[in-house]
Amino acid sequence: AMEKSRPLWDNPLQFVFACISYAVGLGNVWRFPYLCQMYGGGGFLIPYFIMLIAEGMPLLYLELAVGQRMRQGSIGAWKIISPYLCGVGVASVVVSFFLSMYYNVINAWAFWYLFHSFQDPLPWATCPLNSNRTGYEEECEKTSSTQYFWYRQTLNISPSLDASGRVQWEQALCLTLAWLVVYLCILRGTESTGKVVYVTASLPYCVLIIYLIRGLTLHGAVNGLIYMFTPKLEQLSNPKTWISAATQIFFSLGLGFGSLIAFASYNEPNNNCERHAIIVSLINSATSIFASIVTFSIYGFKATFNYESCINKVILLLMNTFDLEEGSLTADNLNEMKDYLMATHPQEYAQLAPQLKNCSLEAELDTGGGGGGGGAFIVYSEAIKNMEVPQLYSVLYFVMLLMLGIGSMLGNTAAILTPLTDSRVIAARFPKEVISGAVCFINCVIGLIFTMEAGNYWFDIFNDYAATLSLLLIVLVETIAVCYIYGIRRFEKELHTMVGRKPNWYWKIMWAFASPLLIISLFIFYLTDYILTGTLQYQAWDATQGQLVTKDYPGYALAVIGLLVASSTMCIPLGALGTFIRKRLKSERVSTI
Amino acid sequence: MLRVLLLTLSVVAIAHAELCKPDAQNAFKVRLSIKTALGDNAYAWDANEEYLFKAMVAFALRRYSNKSTTQISDVLLCNATDRVSFWFVVTDSSKNMTTVPGSEVEAAIRMNRNRINSAFLLNDKTLQFLKITSTLSPPVEPSTPVWLIVFGVVLCLIVAGIVFLVVAGIQQRKKKNKESTERENLEEKGEVTVAVENGIPCETLDLKAGHINGVFAADDERFTSL
């Protein structure tokens, strides 16, 4: 029979770009700056770099080496390492499947905002009018116009998880489009993916540079940068800082999903994956820092703008109540004037007091908008609406988000499709266009859940629980398998054949001791955190108050969470058990003959 | 004579004070933010501006009720502050010591709000009639939302790309199948022997820039001739 050769990347650059495109995602642009702000500003870089060297680089090199050596997707690769480990590969595929189900919704939102950027004024810049046109919509008045646009006009969010509501057809359309785009990129396998990643990897950097120049020249940007980079070294004693740094490195590189193994399996066997692992992890971290400079200039601008609006509102209120001359109250003399008015007109001042908010720049800088998905949209859209030529910056930003999101989706779908196309059972019957199409279609249909009115709450469930615990377990098993089951001497020799030199002591120590220990401690931390907090809670949007409120998850939501975690983690022991039983049966059959 | 004049004037003044005071019946408070609106081009609020204001209110009432009986002197202003804000009330000249009902004044001003605003180079936000809510103009909405148009364009491009790639893939596969069936047919007929090495036809090996090892190629000299 004619041997069908494995598709390869056209050149090593495509492979590096694919890895960068996959690793650099929304997490670098949004989550890292948020964590930086929460856990000590400039000081957060210390645990971040320590974790990069202790777990990021070694684990990345490990996965790339496994993929390149075994030349198979995750299921096949781990089966070769040890037949008992086929469950690890299956667990990776299951987690990737969950991830691709909900992650593409972010791309749908990016499309929605992108399409709405072609209007003047931007739809999230002003509140819509109420029904009798005497004022603005009540919900919009209570919160800001950008939050209203996100919660009401984009998500049309329901007050709680129980009130599911209908599927929003606009979001469903955007989700379908997002899946069609992903299908277009993966349709021909590495042939098409290899070309697409040139764009998805490089375009975000162009946009970030434009935003850097724009951001640094904005009024008030310096406030944000100072706020971010002043190290609050006392946060280093908070264990959550180290946990967050470790978690961020771990998930930012996308370890454990099988995507890196899939990408590396399309390499030439003698590709220098050691060098590429170092390059990709360094570029990933550098991008996080670069993006946080941009994000914090934008933050600073938005916070300064809001702070000045708050002050102006207070000035207007005081001027109107006490009929003072225009221009007599300014930001500088506000405090003295407030004291003066309190002394001279105590009664009216007391009546006014509840409406006089204390405006503080610190408080504005602290409101990050949350670390969840919505934050990226709300904070940036709020900053953009106050810039000049907002439509241009809006289009640029959401195109960048799309590139980041699609780049990550390419990795996710590769993790699912590579094992499927490797398995001869399926690949012989269906051409890869049909397999890719089926995967995209199934994911799209299931993803419609996230376009319902309560969809964002389900999104948060998937975002918080579908991948976190399972990935830690998967990567732990991977590391232990390679070091202790396959044997680190054997692995060394393989790497020597592939790369041309043996891994030095740094890699070996990290693989054998440091990384597994780190992962075990992360694992223990997460488990104790879940156990200690008791019931799990979520943030629900209350339309009457115009803000988020905390609610408990209902029983069936907790069951879904449990199912999500169990379905991927259970694959590992079940796989081992299945292989054990099969071997037993085979040996029994042989012995009885 | 002088005394009578003084007496009437004081009566009128008292009457006016009775009619125009803060929170009086049918009185409205007006607030102007001239410096906010005009910045450096702001004008000072003086008696001439007040006269213009009275004229505009009288004009509004005349236009609204279509009777030309309202006079500028019927509009009374009081309690002017530095802010600039003041109260005004419109008296009815036909009936003594009464004011025009607030609803009528409100309707008249609503109808002519634009003219009043432009007379002072201000807008609804900077020239506020505190009890009269202005009708906000809705934003211009095109018949098809813009986002649907952009969505449609992008969707068509993507679908065209997918169809193109799928069709190209099918054609490529058909060509490959035809080539392999042709070669199989030729093999069956025994006309062309295809040398095969490890399942890969030698022709493709040659094409992959293989090297021919001269030692083994010249194999006619390997065997000693008989």
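Looking only at residues in the stretch A:229-254 that are over 29 Å from A:TYR465 (Cβ atoms) and part of a helix (DSSP H, G or I), the one that is nearest to the chain's Cα centre (by Cα) is A:PHE229. All told, B:ARG110 falls short of being modelled with pLDDT of 85 or more and either open to solvent by less than 20 Å² (accessible area, probe 1.4 Å) or more than 12 Å from chain A (Cβ to nearest Cβ) (or both).
The set of residues in the stretch A:327-340 that are part of a loop (DSSP other than H, G, I, E, B), aliphatic (A, V, I, L, M) and more than 14 Å from chain B (Cβ to nearest Cβ) contains only A:ALA331. When each of A:LEU180, A:LEU203 is tested for being in a helix (DSSP H, G or I) and modelled with pLDDT of 95 or more, the lone residue that passes is A:LEU180. Looking across A:LYS583, A:LYS508, one residue alone is loosely packed, with under 14 Cβ neighbours inside 10 Å and out of contact with any His (no Cβ under 6 Å at 6 or more places or on another chain). It is A:LYS583.
Scanning the stretch A:267-295 for residues that are more than 19 Å from A:HIS496 (Cα to Cα), open to solvent by 60 Å² or more (accessible area, probe 1.4 Å) and not β-branched (Val, Ile, Thr) yields a count of 1.
Only one of the numbered conditions (1) in contact with a Ser or Thr (Cβ under 8 Å, 6 or more places away or on another chain); (2) open to solvent by 20 Å² or more (accessible area, probe 1.4 Å); (3) away from chain B (no Cβ under 14 Å) is violated by A:ILE210, and that is (1). Apart from one condition, B:ASN117 fits all of (1) in contact (Cβ under 8 Å) with a residue 40 or more places away in the chain; (2) more than 14 Å from chain A (Cβ to nearest Cβ); (3) crowded, with 16+ Cβ neighbours inside 10 Å; the exception is (1).
Scanning the stretch A:155-195 for residues that are more than 11 Å from every other protein chain (Cβ to nearest Cβ) and of a type in the set (Val, Ile, Thr) turns up A:ILE157, A:VAL167, A:THR190, A:THR193. Residues in the stretch B:47-73 that are at pLDDT below 85 and open to solvent by less than 80 Å² (accessible area, probe 1.4 Å) were compared, and the one that is nearest to A:PHE322 (Cα to Cα) is B:ILE72. Each residue in the stretch A:310-326 was checked for being open to solvent by less than 20 Å² (accessible area, probe 1.4 Å), within 11 Å of another protein chain (Cβ to nearest Cβ) and assigned to a helix (DSSP H, G or I), and 3 of them qualify.
Taking the stretch A:71-144 as the region of interest, the helices (runs of 4 or more DSSP H) fully inside it that hold 3 or more residues being open to solvent by less than 20 Å² (accessible area, probe 1.4 Å) and out of contact with any strand residue (DSSP E or B) (no Cβ under 6 Å at 6 or more places or on another chain) are A:74-81, A:86-115. Checked against (1) within 14 Å of chain B (Cβ to nearest Cβ); (2) farther than 22 Å from B:THR36 by Cα, A:ALA350 meets all criteria but (1). A:ASN130: of a type in the set (S, T, N, Q), within 30 Å of A:GLY258 (Cβ to Cβ) and more than 8 Å from every other protein chain (Cβ to nearest Cβ), yes or no? So A:ASN130 fails the test. In summary, helices (runs of 4 or more DSSP H) completely within the stretch A:423-506 and bearing 1 or more residues that are in contact (Cβ under 8 Å) with a residue 24 or more places away in the chain and acidic (Asp, Glu) occur at A:432-447, A:455-461, A:468-480, A:488-499. B:TYR43: among the aromatic types (Phe, Trp, Tyr), within 39 Å of the chain's Cα centre (by Cα), surrounded by fewer than 16 Cβ atoms within 10 Å (Cβ to Cβ) and part of a helix (DSSP H, G or I), yes or no? So B:TYR43 does not fit the description; no. Restricting attention to the stretch A:159-188, the residues that are aliphatic (A, V, I, L, M), closer than 17 Å to A:ILE446 by Cβ and open to solvent by 40 Å² or more (accessible area, probe 1.4 Å) add up to 3.
Within the stretch B:92-114, the set of residues being of a type in the set (Val, Ile, Thr) and in contact (Cβ under 8 Å) with a residue 24 or more places away in the chain comprises B:THR99, B:VAL100, B:VAL105, B:ILE109. Kindly indicate the residue of the stretch A:9-51 that is outside any helix (DSSP H, G or I) and closer than 30 Å to A:SER237 by Cβ and also modelled with the highest pLDDT among those meeting that condition. Taking the candidates together, the pick is A:TYR39.
In the stretch B:82-95, what residues are within 13 Å of another protein chain (Cβ to nearest Cβ) and at pLDDT below 85? Selection gives B:ASP82, B:ARG83, B:VAL84.
The values are calculated or read from the model by the stated rules, or taken from the named source; none is laboratory data. The model shown is predicted, which means the values in this text are computed figures rather than measured ones. When we count neighbours, we look across all protein chains shown, and the Cβ atoms used for this are built from the backbone with ideal geometry, even at glycine. We work out accessible area using only protein heavy atoms, side chains counted, and drop any ligands, DNA or RNA first. Shrake-Rupley method; radii C 1.70, N 1.55, O 1.52, S 1.80 Å.
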